[in-house]
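The values are calculated or read from the model by the stated rules, or taken from the named source; none is laboratory data. As the structure is a computational prediction, the values presented were derived from the model and not from experiment. A quick note on method: Cβ atoms are made from the backbone with ideal geometry, for glycine too, and the neighbour counts reach across all protein chains shown.
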Amino acid sequence: MFWRFFSFVCFQLAAGLAGWFLAPPGRGAMGALIGAVSGGSAWFLFDLSRGVRLLRWLRVGDASDVAVRSGLWGEVSDRARRLIRAREQMTRESQSRLQDFLAALQASPNGVVLLDSEGRIEWFNQMAGMHFGLDAQRDMLQHFANLVRDPGFAAYFASHNFLSELVMPGRESTPARPVKLSVHLHPYGEGRLLLLSRDVTAVEQAEAMRRDFVANVSHEIRTPLTVLAGFVETLQTLPLVDDERERYLALMAQQADRMQALVSDLLMLSRLEGSPSPGSFDWMPMSSLINQLEQDASALSAVLNPRSDGLHKLVFDSVTGVEIAGAPNELLSAMGNLVGNAIRYTPARGEIHVQALLLPDGRVAFSVADTGPGIAPEHIPRLTERFYRVDRSRSRDTGGTGLGLAIVKHVLQRHGAELKIDSTPGKGSVFTIIFPSSRVRMASEHALGYSV
Ligand code: ADP
């Protein structure tokens with residue numbers, strides 16, 4: 001500021017002196033005055049032009065350019081340029097942060113929609129686009145409630161009570177394939193709304209399955225319990241002869257066995273679901289498994305057919321020298337379930353053929369063929385569902401729990417094996433387990449003497 005004042009005074013003095021010398025003789029004082037005033041005006045005009053240049057630069061100029069280089073205006077220009085650069089840097093950083101936030105919201109597995117205070121769409125991610133069929137070009141700034149016409153959502157949106165979420169049918173929901181969306185609105189800012197959506201079809205299905213399962217288990221337990229309670233009451237209230245008492249006690253034991261079988265199958269299922277898959281280091285000879293199955297099958301056939309002429313014809317064949325890797329008790333349970341079903345569903349004197357074969361590609365096929373009633377094709381895909389039965393009374397009469405094939409399915413999944421079912425109603429069924437080659441090896445000296 002001092003130099004500015006100093007230059008102004010010097011300029012005036014110089015112009016005044018020039019006026020003094022250039023003035024006609026005797027008019028020196030007048031010349032000096034005119035010189036000083038013109039010098040001051042020239043200085044002022046020059047200074048003004050620099051100020052105007054700076055102002056124009058501030059209005060439309062390029063921040064990398066320099067409007068005025070020196071003096072007071074030069075310093076103002078320099079500081080303004082630095083301020084503008086700092087602002088631009090901040091804007092760039094904020095924009096990059098905003099892009100990062102938007103990219104994170106895009107990556108979200110949930111749908112996100114930002115609505116303004118009028119309920120118009122300001123932004124949405126791809127997942128929300130899929131959930132509600134929104135188009136980024138077409139639907140921006142459209143009223144969200146006009147685009148999502150579900151009556152449940154309309155009522156939820158209009159209620160302004162967003163404490164809980166709403167579960168509504170998805171856009172592609174059909175009665176055969178229901179799709180469920182959970183939608184939750186969260187107010188923020190000044191009247192704005194954040195809408196979060198997620199596909200809860202699987203959760204809803206799991207919840208429905210859990211409800212069905214509990215209902216099924218309760219039903220399965222209640223039936224034998226009611227029968228047991230009835231017999232207990234009869235025994236308590238009626239004077240019975242020994243024969244009758246024996247018969248009732250036998251029937252009670254049957255119901256208790258049924259409950260025991262059910263509980264043990266349920267425990268087996270929950271163990272299978274809750275434990276890690278068995279490794280491939282426990283090897284057992286296929287022939288040992290087949291021997292064990294044969295003993296159990298003969299015993300079961302004898303229990304179900306007390307008359308010796310009603311026994312099933314049981315044929316067991318096994319490749320020798322083949323070993324299978326897995327959990328022995330689980331494999332025995334899965335294979336035993338198939339053999340048990342064949343015996344229970346095949347009428348007396350029917351034929352059951354159990355065999356294990358080594359396939360050319362190194363896999364092993366364990367199959368159980370029977371000459372029982374067979375199964376109609378429409379039932380086959382559902383047989384491994386829990387409590388699914390083709391013939392309820394036949395299953396119960398023979399001590400079935402409705403969980404056998406569900407257990408088989410779980411065991412096979414845990415061993416990477418698959419189940420095939422071929423059946424012809426009226427002729428019989430063939431249930432085959434295919435073990436992957438990774439769980440099959442030819443017997444070695446390590447396995448000699450192994451028994452299950
Ligand atoms: P369950 O305890 O009722 O036998 P499973 O899960 O073992 O339950 O079998 C499911 C249903 O599949 C049975 O109820 C039965 O209707 C049918 N099923 C299973 N194996 C046979 C078979 N070998 N022959 C005919 N039907 C069978």
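Residues are listed down the side, and each one gets a yes or a no for (1) more than 19 Å from residue 4 (Cα to Cα); (2) surrounded by 10 or more Cβ atoms within 10 Å (Cβ to Cβ); (3) among the β-branched types (Val, Ile, Thr); (4) modelled with pLDDT under 90:
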position: 63; (1), (2), (3), (4): yes, yes, no, yes
position: 74; (1), (2), (3), (4): no, yes, no, yes
position: 77; (1), (2), (3), (4): no, yes, no, yes
position: 100; (1), (2), (3), (4): yes, yes, no, no
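Of all residues being near the ligand (Cβ under 7 Å from one of its atoms) and of a type in the set (A, V, I, L, M, F, W, C) in region 397-416, which is surrounded by the fewest Cβ atoms within 10 Å (Cβ to Cβ)? Just the residue, please.
Restricting to residues being near the ligand (Cβ under 7 Å from one of its atoms) and of a type in the set (A, V, I, L, M, F, W, C), the top hit is 406.
Out of (1) in contact (Cβ under 8 Å) with a residue 60 or more places away in the chain; (2) hydrophobic (A, V, I, L, M, F, W, C); (3) touching a Leu at 6+ places or on another chain (Cβ under 7 Å), the odd one out for residue 68 is which?
Failed condition: (1).
Can you tell me which residue among 435, 431 is in contact (Cβ under 8 Å) with a residue 40 or more places away in the chain and within 12 Å of the ligand (Cβ to nearest atom)?
After ruling out the rest, the residue left standing is 431.
When region 141-162 is examined, which residues are found to be surrounded by 12 or more Cβ atoms within 10 Å (Cβ to Cβ) and in a loop (DSSP other than H, G, I, E, B)?
Listed by number, the residues that qualify are 142, 148, 150, 162.
Is it true that residue 394 is near the ligand (Cβ under 10 Å from one of its atoms), in contact with a Phe, Trp or Tyr (Cβ under 9 Å, 6 or more places away or on another chain), part of a loop (DSSP other than H, G, I, E, B) and charged (D, E, K, R)?
The answer is no for residue 394.
Looking only at strands (runs of 3 or more DSSP E) that fall completely inside region 286-360, which ones have 3 or more residues that are touching a helix residue (DSSP H, G or I) at 6+ places or on another chain (Cβ under 6 Å) and either within 16 Å of the ligand (Cβ to nearest atom) or not aliphatic (A, V, I, L, M) (or both)?
313-318
Output the residue which, of all residues in region 370-391 that are more than 8 Å from the ligand (Cβ to nearest atom) and assigned to a helix (DSSP H, G or I), is nearest to residue 257 (Cα to Cα).
Checking each candidate, the answer is 382.
Among 125, 146, which is the only one that is assigned by TED's automatic domain parsing to the domain that holds residue 188 and under 27 Å from the mean Cα position of the chain (by Cα)?
125
So residue 178 clears everything in (1) at pLDDT 95 or above; (2) not in a helix (DSSP H, G or I) except one condition, right? Which one?
Residue 178 satisfies all of (1) at pLDDT 95 or above; (2) not in a helix (DSSP H, G or I) except (1).
Taking only region 4-31 into account, find how many residues are closer than 26 Å to residue 48 by Cβ and either out of contact with any helix residue (DSSP H, G or I) (no Cβ under 8 Å at 6 or more places or on another chain) or outside any helix (DSSP H, G or I) (or both).
4
Return yes when residue 150 is acidic (Asp, Glu) and within 25 Å of residue 180 (Cβ to Cβ) and no when it is not.
Judged against the criteria, residue 150 is a match.
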